[in-house]
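Just so it is clear, none of the values below were taken in a lab; they were calculated from the coordinates. None of these values were measured; they are calculated from a predicted model. Every residue, glycine as well, gets a Cβ built from its backbone with ideal geometry; the counts of neighbours run over all protein chains shown.
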Amino acid sequence: MEQSDADLIAAVLKGETSCFEPLVTKYSPRLFAMARRYARRESEVQDVVQEIWVKAYQKLQSFRGDAPFEHWLMRLAVHTCYDFLRGHQRNRETTFSELSTAETDWLDHYVKDPAPATEDAAAARALLERVLAEMSPAARLVITLLEIEERSVKEIASLTGWSVALVKVRAFRARAEMRKKLAKIAREKYL
Amino acid sequence: MDLESLRTTLIDAGRKAPANAEVPYAFETRVMANLPKAPVQDLFSLWGTALWKGAAACAAITALTVALSLWSFHNGADSDDDTLDMVVLAGADQLTETW
């Protein structure tokens, strides 16, 4: 019979470290899905997820059981991913000439006719990834959570520890920052 | 070029892409091998515990000092007062002798 999260956590806190492994097995897919939105290289993704688990193990005593373990873990994961972004912040900007052929073609198609351009989704995602990589950590986090993962403002506030008003302000600034980055890329050829 | 429309199109493309939730082989083993020996208490709780222990020690010392002063007050208050008078008025006595 499968043990509940609460039973496993209680056993870990009593010193049975091996009971932590079923939790790792159960929740790692969700953590990898989240980490891959912020880290590009697979080695970085694995390091981020491992850091989340080590932190979860170290802070397990602070888990009170008021909310499901998954919520507590996802808050920890968001904070770790945010720390990762802050530690790997890039301060350079891509120009149009640095785009790959697929990305350039996608933009060309988009300028001519925005509707069919959505067909080549891989190039669009690559361009999106390029733009997000250049954004500030807070802007990238809020755009990913709010617009790509489609979480509510309240949920983001709970995950990040920011107030609802701060999430709204950061979302507004993030959208403006993203438009600015896109303008920088496109200025050479289209604007 | 409508930048907001371009931005929305890119976000839509990102939203439609399923998040890759694949876990590398034997990742659990790697995590378990890298865990610390035991869950470590955070620094704030350690500091809080030390603070309470320090507060208890301070309270004990205070109680002991109060008890000692009360005991000495009841057992030798007069002699202490005489000693204090002698020390304070010693200068005045010497002054009188000089004259």
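Below 8 Å between Cα atoms, with a sequence gap of 6+, how large is the relative contact order for the range A:1-107 in percent? Walk me through the numbers before you get to the answer.
Working: 52 pairs, mean separation 25.5, N = 107.
Contact order relative to length: 24 percent.
Sort A:Tyr82, A:Tyr110, A:Tyr27, B:Tyr25 by Cβ crowding within 10 Å, fewest neighbours at the top.
Working: A:Tyr82 18, A:Tyr110 24, A:Tyr27 21, B:Tyr25 8.
Lowest count first: B:Tyr25, A:Tyr82, A:Tyr27, A:Tyr110.
What is the Å³ per residue value for the convex hull set by the Cα atoms of chain A?
Working: hull volume 27.4 nm³, N = 191.
Cα-based convex hull of chain A, divided per residue, equals 144 Å³.
Quick one: order A:Ile52, A:Ile148 by neighbouring beta-carbon count within 10 Å, fewest to most. Could you put the intermediate results ahead of the total?
Working: A:Ile52 25, A:Ile148 20.
Arranged by neighbour count, lowest to highest, A:Ile52, A:Ile148 become A:Ile148, A:Ile52.
Based only on other Cβ atoms within 10 Å, what is the fewest-to-most ordering of B:Cys58, A:Cys81? Don't skip to the end; give the middle numbers.
Working: B:Cys58 10, A:Cys81 25.
Fewest-to-most Cβ neighbours within 10 Å comes out as B:Cys58, A:Cys81.
Could you work out [θ]222 nm for the protein assembly as shown from helices alone, using -39500 (n - 2.57) per DSSP H run of at least four and dividing by all its residues? Round to the nearest 500 deg cm²/dmol. If you can, show how the numbers build up before the last one.
On the way: 12 runs with 203 residues, N = 290.
Roughly -23500 deg cm²/dmol at 222 nm, from the helical runs in the protein assembly as shown.
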